[in-house]
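Below is one structure; the comments refer to it alone.
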Amino acid sequence: MTLHDKDLKSGIPDLSSTIPDLRHVRLDRLAELGDSVLANSIALYLQRLEDNGTPVYRFNSGIQA
Amino acid sequence: MVTNHGLSGEAFTALASGDGGPAAVQHLCDVQYSKHLMLLHAVATEAAGAHPMSPEITASRSGYEILVRVQEASPDTLAWLLQLPHIGAWAHDCLESKARGQSPDFGYMATAAAAAAVRAGVQFELDVPVRDGRVLLPGLGYFHGIAPPDSWVRLRSDGEHLTVGTFTGARCSALVPNEASSEPVPQWQGTYTVRAVAEGQTWTVLLETTDQYLNRFALPMSAAMTAEDVRGWQSRIQSAWEVLVRHHGWAAGSIAAGVSVIVPLTPGSETGSDSATTPAAFGAIATSLPPDPVFLAETLVHEVQHLTLCGLQDMVPLTKRCDEWVYAPWRPDPRPAGALLQGIYAHLGVARFWGTQRHVETEPDAILRAQVMFERWRSMTESATATLLQTDCLTEAGTWFGVMLRQRGQRMASAAVPADARDIARQVALNHWLIWQLRHAAIDATAVADAAGAYQHGEPLPDRALPEARVQKETRKVDSAARSHLLSMRFLEPAEYRRLSDAGLPGLSEADRFLVSGQASMAVQAYRDEICTASEPLPDAWAGLAVAIHLLAQTPLLPAFATRLPFMFDVHTRLVGQGMRSDPLELAAWFA
């Protein structure tokens, strides 16, 4: 059994995402969120853009080498 | 108080295991709503702070105000808009443009707002850009022939009728995607739509051929489809949907929940088939038209796996910044760890698809294809996840995910596959891996020189340890297309393969003919002769020789070809360069 397998034995914990839940927020109130989670999340998103670019995942289902 | 979207450990595990189903995909769609709203706000904030004023900035501000009213009147309509992949792709492009110091396309905000207002029946008036002579309403369609190209035109609506510049008379309720029941509207082209139905399950998907923000793939969007082309797509999608609903329900539900747009691509060649997804446009799959419904069904499964993982990674990053490039069994080029993770996830879905499909097919050729595809992709899981987990590119959650992917693959490992299909899959996989090594593994030059010197002087290999190898884009040029094509043709196009086989497999070398037709001993000898008599090193013959050696029942040379192929090839090249005779089998025996 590897270390990774052992970690999984205790189960995966609940995870918090980097995206704020805006489903019940009015558009004209978004600005009021200011430097809270919204600004932070946008900054994280921009950082991810810089780190990873935008990968396009391509699949050649035709004959491959 | 706003909190972040969460994901239960149970849902994370279900997604990793491929058992998330439509509920998990719907959760990801909800998150995409928030993501797109967040990005929309980021673009609006940029526009609000931009100087000097321009028509684009004015349009953006007006558009945002209209969206506020749309949300008040019809929250579902705003949700419809924000879950369009068009919006994600455009907002993403705006932020990228800003990062590059370029001016974002603020004007698109107005076209998006107009589409939502028309759909919601909200009164509005604003100017929108005309692009390529079209007034676009994302997700609905476009007006054409009304305003000069690359100009601006004023839209006015009382909530029931829309006026476009001086063109009047379009009822808002008629401005919908193009379906058989659509009421014709002059100068209006609704976005082509497919409503696929099978056994009571419906999947409605747009065929997007207009929006520039969904035309960002390696192949161009099929922008000029004829009515016959559209009918061809509709028919193929309907047939693929029937395959999915009847036999692959786990995927059908996810596709219906998560895929709202197909971007038809113009293929690069008559026989090639290509598909793609991007995390910037969640909900869209781009693809050329696959050759039959089963392949389209497989493509949809493959791409919805990518989309699902894109959505998950928006929530929980699984990879981190990393410069490691590694082998991916489905690609000819080295891939970053994040792409390897994506590919493993997608191909696990593909393996699952063929694992079922092999029991569905009734024709011998189709059964062989399904069996080989199943074996090809299930067998890569162990090595690919091992490669992934050895990188230093995964976050903690990414490591959990990788381990669960490996376990998912292991659950498929015990399924029985006929020997002929297993052999073909093994040969194709070996050929791919060995060619990749020769193309991309760069061996330390000092180690090569030392080994060549020792071989020349009849001394043993100086260091049994493998020398340092780097992954490079192109270390050696290997032209293996003809053999690779024939190896794959055996299961992808068996009838054509039989025809060529009867004709003596024209276009292949003698050694390749032996290999492809399963005569491994003869192939080994023929490759050896090719290599020994050539005036320069032949990397492709070395790759073929290595495949043939693997296919021999027992040979002491196997370990050398399995683990030291690029090293041996470089030593051989050095010896030949020094005018020495170098027999590949003698060299391998020395390495063994």
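Quick one: helix B:249-258 against the long Cα principal axis of chain B, what's the angle to the nearest 10°, folded into 0 to 90?
Helix B:249-258 sits at roughly 50 degrees to that axis.
Packing-wise, with mean Cβ within 10 Å as the measure, how do B:71-80, B:278-287, B:23-32 rank, highest first? All intermediate terms of the calculation are to be shown ahead of the outcome.
Values: B:71-80: 17.5, B:278-287: 25.9, B:23-32: 20.5.
Output ranking for B:71-80, B:278-287, B:23-32: B:278-287, B:23-32, B:71-80.
At q = 0.13, 0.15, 0.17 Å⁻¹, work out log10 I(q)/I(0) for the range B:424-591 with the Debye formula, treating every Cα as an identical point scatterer and leaving solvent out; two decimals please.
So the normalised log intensities are -0.61, -0.80, -1.01.
Can you list the aspartates and glutamates whose alpha carbon sits under 12 Å from that of B:LYS35, skipping same-chain ones fewer than 8 residues off?
Counting by Cα, and skipping residues close in sequence, B:LYS35 has these aspartates and glutamates nearby: A:ASP21, B:ASP314.
Tell me which aspartates and glutamates have Cα within less than 14 Å of B:LYS477's Cα, excluding those fewer than 8 residues away on the same chain?
By straight Cα distance, B:LYS477 reaches B:ASP333, B:GLU536, B:ASP540, B:ASP570.
Averaging sequence separations of C-alpha pairs under 8 Å and six or more residues apart, then dividing by the length of the range B:409-519, give the relative contact order as a whole percent.
Values: 67 pairs, mean separation 29.9, N = 111.
This gives 27 percent for the range B:409-519.
Pull up all non-local amide H partners of B:SER8: gap of 5 or more, or a different chain, and H-to-H distance under 5 Å with H placed in the peptide plane.
HN-HN under 5 Å from B:SER8: A:LEU15.
Sort by residue number and report every cysteine in chain B with no other cysteine beta carbon within a distance under 4.7 Å.
Cys with no partner Cβ under 4.7 Å: B:CYS29, B:CYS94, B:CYS172, B:CYS310, B:CYS532.
Amide H neighbours of B:TRP152 under 5 Å, at least 5 residues apart or on other chains, H built in the peptide plane: list them.
Long-range HN contacts for B:TRP152: B:VAL130.
Please give the average number of partner chain Cβ atoms lying within 10 Å of the Cβ of each residue in B:38-46, rounded to a whole number. Don't skip to the end; give the middle numbers.
Numbers: counts 12, 3, 3, 9, 8, 0, 3, 5, 0.
Per-residue shielding by partner chains comes out at 5.
Within 10 Å of each Cβ in peptide B:342-351, how many partner chain Cβ atoms are there on average? Round it to a whole number, please. Before the final figure, lay out the partial values.
Details: counts 3, 3, 0, 1, 2, 1, 0, 0, 2, 0.
Taking all residues of B:342-351 together, the mean is 1.
Using θ = phi - 60° and the Karplus relation 6.51 cos²θ - 1.76 cosθ + 1.60, list the HN-Hα couplings for the range B:233-238 in order, rounded to whole Hz, with x at every Gly or Pro.
5, 4, 5, 5, 5, 4
Fewest Cβ neighbours within 10 Å first, please rank B:VAL547, A:VAL25 accordingly. If you can, show how the numbers build up before the last one.
Details: B:VAL547 30, A:VAL25 19.
Neighbour counts put them in this order, fewest first: A:VAL25, B:VAL547.
Round to the nearest 10 and give me the degree value, 0 to 90, for the angle of helix B:108-120's Cα axis relative to the longest principal axis of chain B.
Taking Cα atoms only, the helix is inclined about 60 degrees.
Once you put a point 7 Å from the Cα of B:GLU160 and another 7 Å from the Cα of B:ASP502, both along the Cβ direction, what distance in nm separates them?
Roughly 7.0 nm, to one decimal.
Take the Cα of B:ASP19, step 7 Å along the line toward its Cβ, and report every residue of the range B:400-418 whose backbone nitrogen sits under 15 Å from that point.
Answer for this model: B:404-412.
Evaluate peptide B:3-15: per residue, the Cβ atoms of other protein chains within 10 Å of its Cβ; return the mean as an integer. Write out the running numbers ahead of the final one.
On the way: counts 5, 10, 9, 6, 5, 4, 5, 3, 3, 4, 3, 0, 0.
Mean shielding by partner chains, rounded to a whole number: 4.
For labels at B:SER173 and B:MET580 in the simple 7 Å Cα→Cβ model, what's the distance in nm?
8.7 nm
Could you run the Karplus curve 6.51 cos²θ - 1.76 cosθ + 1.60 with θ = phi - 60° over the range B:349-366 and give me ³J(HN,Hα) per residue in whole Hz, x for Gly and Pro?
x, 5, 4, 4, 4, 6, x, 7, 4, 5, 8, 8, 5, 10, 7, x, 5, 5
Just order B:103-115, B:150-162 by mean Cβ neighbour count inside 10 Å, highest at the front, would you? Mind dumping the intermediate values first?
Details: B:103-115: 25.2, B:150-162: 15.9.
Ranking, from highest mean packing down: B:103-115, B:150-162.
Any aspartates and glutamates with Cα under 18 Å of the B:LYS320 Cα? List them, leaving off those in the same chain fewer than 8 positions away.
Of all the aspartates and glutamates, those that pass the test against B:LYS320 - Cα under 18 Å, at least 8 places apart if same chain - are A:GLU50, A:ASP51, B:ASP392, B:GLU396.
Output ³J(HN,Hα) for the range B:460-473: one whole-Hz value per residue in order, computed from phi by the Karplus curve 6.51 cos²θ - 1.76 cosθ + 1.60 with θ = phi - 60°, and x for Gly and Pro.
Each residue of the range B:460-473 in turn: x, 4, x, 9, 6, 5, 5, x, 4, 10, 10, 8, 10, 4 Hz.
Just so you know, all these numbers are worked out from the coordinates, no wet-lab data involved. Bear in mind that the values here come from a model prediction, so they are computed numbers and not experimental data. Here the Cβ is made from the backbone with ideal geometry for all residues, glycine too, and neighbour counts use every protein chain on show.
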